[in-house]
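Right, one structure below, let's go through it.
Values in this text are rule-based calculations from the coordinates and carry no lab data. Note that the structure is predicted; figures quoted are calculated from it, not measured. Neighbour counts run over all protein chains shown; Cβ positions are idealised from the backbone, glycine included.
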Amino acid sequence: MTTSKKTYREAVKDALCQEMERDETVVQIGEDLRGGHAGTNPDLETKKVEAFGGVLGVTKGLWTQFGSERVIDTPITESAIIGMAAGAALTGLRPVAELMFMDFFGVCYDALYNQAAKFRYMFGGKARTPMVMRGMIGAGFSAAAQHSQSPYNVFAAVPGLKVVVPSNAYDAKGLLIQAIRDDDPVVFCEHKTLYDTKAEVPDEPYAIPFGVANYTRQGTDVTVIALSAMVGAANDAADRLAAEGISVEVVDPRTVSPLDEEGILESVAATGRVVVVDESAARCGFGHDVAALIATKAFDSLRAPVELVTPPHTPVPFSPKLEKAWLPDAARIETAIRRLVAN
Amino acid sequence: MTTSKKTYREAVKDALCQEMERDETVVQIGEDLRGGHAGTNPDLETKKVEAFGGVLGVTKGLWTQFGSERVIDTPITESAIIGMAAGAALTGLRPVAELMFMDFFGVCYDALYNQAAKFRYMFGGKARTPMVMRGMIGAGFSAAAQHSQSPYNVFAAVPGLKVVVPSNAYDAKGLLIQAIRDDDPVVFCEHKTLYDTKAEVPDEPYAIPFGVANYTRQGTDVTVIALSAMVGAANDAADRLAAEGISVEVVDPRTVSPLDEEGILESVAATGRVVVVDESAARCGFGHDVAALIATKAFDSLRAPVELVTPPHTPVPFSPKLEKAWLPDAARIETAIRRLVAN
Amino acid sequence: MALNKQELLRAYRRMSEIRAFEDRLHEENATGDIPGFIHLYSGQEAIAVGVCENLRDTDYIGSTHRGHGHCIAKGCDIRGMMAEIFGKDDGLCHGKGGSMHIADLSVGMLGANAIVGGAPSLAIGAALSAKTLRNGGIAASFTGDGGSNQGTTFEAMNMAVVLRLPIIFVIENNGFGEATGTEYAVGAPDIAARAAAFGMPAVKVDGTDFFEVHEATRQAAERARDGGGPTTIEARANRFWGHFEGDAQLYRTPEQVAELRRTRDPLQIFRDRVDRKKATARELEAIDEESRELVGDAVARARAAAYPPIENLLTDVYVSY
Amino acid sequence: MALNKQELLRAYRRMSEIRAFEDRLHEENATGDIPGFIHLYSGQEAIAVGVCENLRDTDYIGSTHRGHGHCIAKGCDIRGMMAEIFGKDDGLCHGKGGSMHIADLSVGMLGANAIVGGAPSLAIGAALSAKTLRNGGIAASFTGDGGSNQGTTFEAMNMAVVLRLPIIFVIENNGFGEATGTEYAVGAPDIAARAAAFGMPAVKVDGTDFFEVHEATRQAAERARDGGGPTTIEARANRFWGHFEGDAQLYRTPEQVAELRRTRDPLQIFRDRVDRKKATARELEAIDEESRELVGDAVARARAAAYPPIENLLTDVYVSY
Ligand SMILES: Cc1ncc(C[n+]2csc(CCOP(=O)(O)OP(=O)(O)O)c2C)c(N)n1
Ligand SMILES: Cc1ncc(C[n+]2csc(CCOP(=O)(O)OP(=O)(O)O)c2C)c(N)n1
Ligand SMILES: [Mg+2]
Ligand SMILES: [Mg+2]
């Protein structure tokens, strides 16, 4: 299998493209996935120009390859986008709906929360809803309070949904391919600050199974559990501490739901000390979920309090200086680790 | 101050009514708060009949007393209801918007999540949004997957919101009065199985401050933290165990946000053993939030793993037999307590 | 277009089954043995049947909280429905859904839906599938006058026009959303005209008249199958029972309801209008009798059936997890 | 209704300030010193100003992601706006909001809004306050052609009709929602007619012509203040820059944009149509010059200003907690 250096953005596109090639029932639905419908530039028609290819260019090229029937630009109408995707998934398609920014789930959540997620159960097992809702999460772009959130904790609380939060280009491709092939509704969260990060990514399609954590770094003193952009921050902290002889294990669960409970508990059993880093929320977040897992199931191996590193209980501020202080970073993770090893 | 036995339903109505009497800027907004607009029964006009007074009769009487300008029946249009309430709260009213079933937040969440909750922060402290969104939560009525949920964990995760979950009639009145007088947006969750429960409730208005837990029962062996309908279940379990000499403390935080961290930690410090009972979710729920609080801040006094009693990670089933198995109850709480004291 | 004898009898049977089902449920509910909320469809039979008689098993419908009529019209098994409503394992959803979530994808029924305004966007999804897979299928969504005010309904309409989807939006205007009159809650003078302004053909029909509903749907379905895009049909009818079982119906008088039952009964209107050479009074009465028997049998079986085993609590959340 | 000299010069000054503000921001943004997303309003000045010149400080507006023009038209302090956009503590929101959340309730500006379709339901809330408090106030919401497809917008329209709220729904049709043309995304032939079907007066105006917008709004505001309920105004104009700063604008050609700037410039059209006896070329030029100076000063101050202190991260989440 050949590989090449690809950005996270390219990895996502790769997955979308290869699954569309493989399976005719895969369609993309969203706003400005192409861009330019009913535009005035004559090139749009004559040269088949894609005016956007997604706001941040993630879907660029797909419309050219697959056309308007499979790369479906819509009005600004998220509740119809997600509802339509859910209905289409019930009836023979594998739609991938783009929400652009996950912050927008507030205008369309019913279609996912009360509909797609619950069909199978409510209908006594007689439905499959193979849809993906993908969109951007994360702070760091000064996009302010309504364009910087990471509500994967909210999605993970919903039985029936699967929730995927890749931290690097390799995982992004493999997990998105799995998401599209999966027969359950999947929420796929792309961190906007990761789009330009690169990794070696196989050119061929491959699927990474859900619920299998990735030990991005092995260590013996402290376990750090981190997702998405926080994995990089955790590894930076671990790098710094390695010089001092503190050995940190960094576990990236990759999927919030299902969660690799065993993988997490195993690592905690070995180290007895754990830092959970989470961008989702200061209350009722993913971090609390993992901390609760540990408090209920790994208590006996714990040698110190669980350390939780989250943003404060405030909206995401606009000003870069405040936003930087809002976001968990390597320095805060390092402090937490030091507190633990001193314990 | 005179008191009388009142149901939880009457207590809620009392609060609404007395605050409307006290403050002309308090208005009610919702579907069928009166019921009967444009109906065909001539009595509606001539005798000012209220056809509904809320689906479960909670607002019955308010329209008669206050009229259509202050008890505002709306079309079925939750996003306009909550958005309108948010806009009205910014501009001089104290709206109380009824969502009927909290499960419906999926069709209108943006108005609360991205708007009302964030105004004050985004606007640099220059806004007040004194609104209440009230609605029913809870399983136990065979209302099935879309009418039985308790998403207060989701609300509590949002900075800017306050979240209130009263467990009895006395608290319901005092907390709702506080909610209406409060200058921040408040989500007020009424458990549908509690409406007919009774308590001694003062006839005069009174406000219960947010963030102050209620020790519904003092004990020394185990702390049980429970909210809403689960408080009754926890006390039932405690009753049974008392006969065997097991002394259980039952703490009802009453508000999920703000949370009385100190009150919880104090009790846990004293008992060293804790059961958290929560109906909201099997993942990323309020229970996990409290367990995480304990794992991070009360680790040293903990003598056993935290016990978490939640529903399974499934939608709420319809069939009464399954629903009963879904809902945490006294028996499951008892088992958890026994496991702890055996530890 | 004139229907033949077989078609007429089949349509009447469906309406008759709905009536028997709902009126019997009203009685059964009084025993206290039925869990949860029940919303009865009696009075609106000609809408569900008039629409669905134009649909194939491979076409899809989205439904509402008041979904029993849609289910029967689309061909759901009546015994399975009744068992579901009683919360039994034999139910179409094995007791996990209940009255408000009855579904059977094998006959194109996408589920009753307890979220008002939930169906239209799901139904355009089914229409998208049909269009993309080029299988000649179409979809229909049922929405009440109340649900016609939800943003989700409007968005689905605009999307359907933009993508030229093969869908029929059926608005069942029964005069009330819960206890609130349509004239209060719908600000516009006209629900159909509101839909038309989204850029699609929209017609108003008498929803108590099977023949009117059937013909309007026939034209809409033909247009949809031919790639002509969406249509809205506003059908005016009345519900004969309360909003839900237990509703005191203070918004109208018992005399008014009695009058509606006398003058606006879709079954009676069918009997009055049908070509007696194709369907005799005797034949129709026999159908009514059979419907009541079928429903009686369904009730007996449902009552006798077992509740789901407790292990089922945890199954069917995911295909795999 | 003819405006007097003072009114005309005031209106022109507001338009001129918006133009100066936005065109300067375009330059400043190129330096890389402005955080976040920026959406410029140039080309649509006559809409914001034509509407807001009919409003009082105690009236409210709801706005969009493209909100600078609305802010200036409603009387927000220009220096405070610029400092906000640079993320400084002197900003109207102390740097916590940025371009997409500029608000000043003291002049009736309910905030720019980064959620498309967010404003209409907030604005009807302000209208409800005015109606309930009987203070003679009204509200207006600005929504784009793209945002006109959101369910939230439709729901607000229906609610406003039902409750007869004193509100004006302004639809700014600039031909595009991001990179998608209005003709594609709006399935209906007409946004105004879609609003009219909700049961309110709805008019279409040339949004490059201040006088047309002003007169239509005057009538709508009068009706609203008199208890006559809502109105929709669809105003057609063009944006002169990309959707956001950084947009390559592949959906139209540079020549087309140049042509729009030549033929559809609201400031030029104002200058062409204004009564020269009331506003001389010299006077208008002086205003343009003053606007640029004001904005230049705002930029200088914003650049020099301090970022918010780190402690502010935790303030202003709640009034009390
Ligand atoms: C989103 C949402 N809002 C409110 C309700 C509560 N509710 C259930 S049925 C109903 C009335 C629906 O009226 P209509 O659409 O006219 O249908 P009908 O009951 O007349 O068949 C309401 C308000 C709901 N289930 N979902
Ligand atoms: C709910 C939501 N969906 C999508 C977006 C992304 N978005 C921001 S502006 C925009 C286009 C808006 O178009 P229009 O309403 O015509 O306003 P214009 O930009 O032309 O002023 C989109 C899709 C958003 N901010 N909010
Ligand atoms: Mg109705
Ligand atoms: Mg636009």
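For C:Thr143, which of the numbered conditions (1) at the interface with another protein chain (Cβ under 7 Å from one of its Cβ atoms); (2) of a type in the set (Val, Ile, Thr); (3) within 16 Å of ligand 3 (Cβ to nearest atom) fails to hold?
(1)
Starting from residues that are assigned to a loop (DSSP other than H, G, I, E, B) and without any contact (Cβ under 8 Å) to a residue 12 or more places away in the chain, keep the ones in the range D:302-321 and report whichever is surrounded by the fewest Cβ atoms within 10 Å (Cβ to Cβ).
D:Ser320
Working carefully through the options B:Phe155, B:Phe119, find the one that is within 17 Å of the chain's Cα centre (by Cα) and either surrounded by 24 or more Cβ atoms within 10 Å (Cβ to Cβ) or within 8 Å of another protein chain (Cβ to nearest Cβ) (or both).
B:Phe155
Among the residues of the range D:125-174, which ones are in a helix (DSSP H, G or I) and either within 16 Å of ligand 2 (Cβ to nearest atom) or among the aromatic types (Phe, Trp, Tyr) (or both)?
D:Gly147, D:Ser148, D:Asn149, D:Gly151, D:Thr152, D:Thr153, D:Phe154, D:Glu155, D:Ala156, D:Met157
I'm told C:Arg239 meets every condition in (1) under 29 Å from D:Asp145 (Cα atoms); (2) more than 14 Å from chain D (Cβ to nearest Cβ); (3) within 12 Å of ligand 1 (Cβ to nearest atom) except one. Can you identify the failing condition by its number?
All conditions pass for C:Arg239, except number (1).
Would you call C:Gly187 more than 15 Å from ligand 3 (Cβ to nearest atom), small (Gly, Ala, Ser) and under 21 Å from C:Leu128 (Cβ atoms)?
In short, no.
Which one of A:Leu44, A:Leu56, A:Leu62 is touching a Cys at 6+ places or on another chain (Cβ under 9 Å), farther than 29 Å from C:Gly117 by Cα and away from ligand 1 (no atom under 16 Å from the Cβ)?
On inspection, the qualifying residue turns out to be A:Leu62.
Going by what's in this entry, would B:Glu323 be described as in contact (Cβ under 8 Å) with a residue 12 or more places away in the chain, in contact with a Ser or Thr (Cβ under 8 Å, 6 or more places away or on another chain), over 26 Å from D:Tyr321 (Cβ atoms) and part of a helix (DSSP H, G or I)?
So B:Glu323 passes the test.
Here is a list: C:Ala286, C:Ala304. Which entry is over 30 Å from A:Lys118 (Cβ atoms), of a type in the set (Gly, Ala, Ser) and either away from chain B (no Cβ under 14 Å) or touching a strand residue (DSSP E or B) at 6+ places or on another chain (Cβ under 8 Å) (or both)?
Matching residue, one of C:Ala286, C:Ala304: C:Ala286.
Looking at the range B:190-211, is at least one residue over 20 Å from B:Val12 (Cβ atoms) and either without any contact (Cβ under 8 Å) to a residue 40 or more places away in the chain or not small (Gly, Ala, Ser) (or both)?
No, that holds for no residue.
Search the range B:68-110 for residues being in contact (Cβ under 8 Å) with a residue 24 or more places away in the chain and among the polar types (S, T, N, Q), and hand back the single one that is farthest from ligand 1 (Cβ to nearest atom).
Of everything passing the filter in the range B:68-110, B:Ser68 is farthest from ligand 1 (Cβ to nearest atom).
Quick check on this structure: which one of B:Val276, B:Val290 is assigned to a helix (DSSP H, G or I) and more than 14 Å from chain C (Cβ to nearest Cβ)?
That would be B:Val290, the only listed residue that is assigned to a helix (DSSP H, G or I) and more than 14 Å from chain C (Cβ to nearest Cβ).
Tell me which residues, restricted to the range B:310-327, are buried (at least 24 other Cβ atoms within 10 Å of the Cβ) and either in contact with a strand residue (DSSP E or B) (Cβ under 6 Å, 6 or more places away or on another chain) or charged (D, E, K, R) (or both).
B:Glu323
From the list A:Ser257, A:Ser280, A:Ser247, which one is more than 22 Å from the chain's Cα centre (by Cα) and of a type outside the set (A, V, I, L, M, F, W, C)?
Result of the check over A:Ser257, A:Ser280, A:Ser247: A:Ser247.
Answer yes or no as to whether C:Arg66 is in contact with a Lys or Arg (Cβ under 9 Å, 6 or more places away or on another chain), charged (D, E, K, R), more than 9 Å from chain B (Cβ to nearest Cβ) and within 27 Å of C:Asp247 (Cβ to Cβ).
yes
Failed condition for A:Asp43, given (1) away from chain D (no Cβ under 14 Å); (2) farther than 30 Å from C:Ala156 by Cα; (3) surrounded by fewer than 22 Cβ atoms within 10 Å (Cβ to Cβ); (4) not small (Gly, Ala, Ser), with all others met?
Going through (1) away from chain D (no Cβ under 14 Å); (2) farther than 30 Å from C:Ala156 by Cα; (3) surrounded by fewer than 22 Cβ atoms within 10 Å (Cβ to Cβ); (4) not small (Gly, Ala, Ser) one by one, A:Asp43 breaks only (1).
Can you tell which of D:Asp209, D:Asp226 is more than 16 Å from ligand 3 (Cβ to nearest atom), touching a residue at least 40 places away in the same chain (Cβ under 8 Å) and surrounded by fewer than 24 Cβ atoms within 10 Å (Cβ to Cβ)?
D:Asp209
Out of (1) in contact with an Asp or Glu (Cβ under 7 Å, 6 or more places away or on another chain); (2) within 16 Å of ligand 2 (Cβ to nearest atom); (3) more than 23 Å from C:Leu163 (Cα to Cα), the odd one out for D:Thr182 is which?
Condition not satisfied by D:Thr182: (3).
Would you tally the residues in the range C:168-214 being of a type outside the set (D, E, K, R) and within 14 Å of chain B (Cβ to nearest Cβ)?
Selection size over the range C:168-214: 17.
Quick one: C:Glu84 ticks every box in (1) within 14 Å of chain B (Cβ to nearest Cβ); (2) among the acidic types (Asp, Glu); (3) surrounded by fewer than 22 Cβ atoms within 10 Å (Cβ to Cβ) bar one, so which box is it?
Failing condition for C:Glu84: (3).
Take the residues of the range A:69-120 that are more than 16 Å from ligand 4 (Cβ to nearest atom) and assigned to a loop (DSSP other than H, G, I, E, B): which is farthest from C:Asn135 (Cα to Cα)?
A:Cys108
Taking the range A:46-94, which residues are in contact with a helix residue (DSSP H, G or I) (Cβ under 9 Å, 6 or more places away or on another chain), more than 14 Å from chain C (Cβ to nearest Cβ) and among the aliphatic types (A, V, I, L, M)?
Result: A:Val49, A:Ala51, A:Leu56, A:Val58, A:Leu62.
Restricting to the range D:87-119, give me the number of residues that are part of a loop (DSSP other than H, G, I, E, B) and surrounded by 24 or more Cβ atoms within 10 Å (Cβ to Cβ).
Qualifying residue count for the region: 20.
So, in the range D:3-57, exactly how many residues are part of a loop (DSSP other than H, G, I, E, B) and without any contact (Cβ under 8 Å) to a residue 24 or more places away in the chain?
Looking only at that region, the number is 2.
Identify the single condition in (1) within 22 Å of B:Val222 (Cα to Cα); (2) crowded, with 24+ Cβ neighbours inside 10 Å that B:Lys297 does not satisfy, given that it satisfies every other one.
B:Lys297 satisfies all of (1) within 22 Å of B:Val222 (Cα to Cα); (2) crowded, with 24+ Cβ neighbours inside 10 Å except (2).
Quick check: anything in the range A:23-32 free of Cβ contacts under 8 Å to residues at least 40 places away in the same chain, of a type in the set (Ser, Thr, Tyr) and either more than 18 Å from D:Glu183 (Cβ to Cβ) or surrounded by 24 or more Cβ atoms within 10 Å (Cβ to Cβ) (or both)?
No - not one qualifying residue is present in the range A:23-32.
Conditions first: (1) within 29 Å of C:Gly87 (Cα to Cα); (2) within 12 Å of chain B (Cβ to nearest Cβ); (3) not aromatic (Phe, Trp, Tyr). A:Thr129 passes all but one, so which condition is the exception?
(2)
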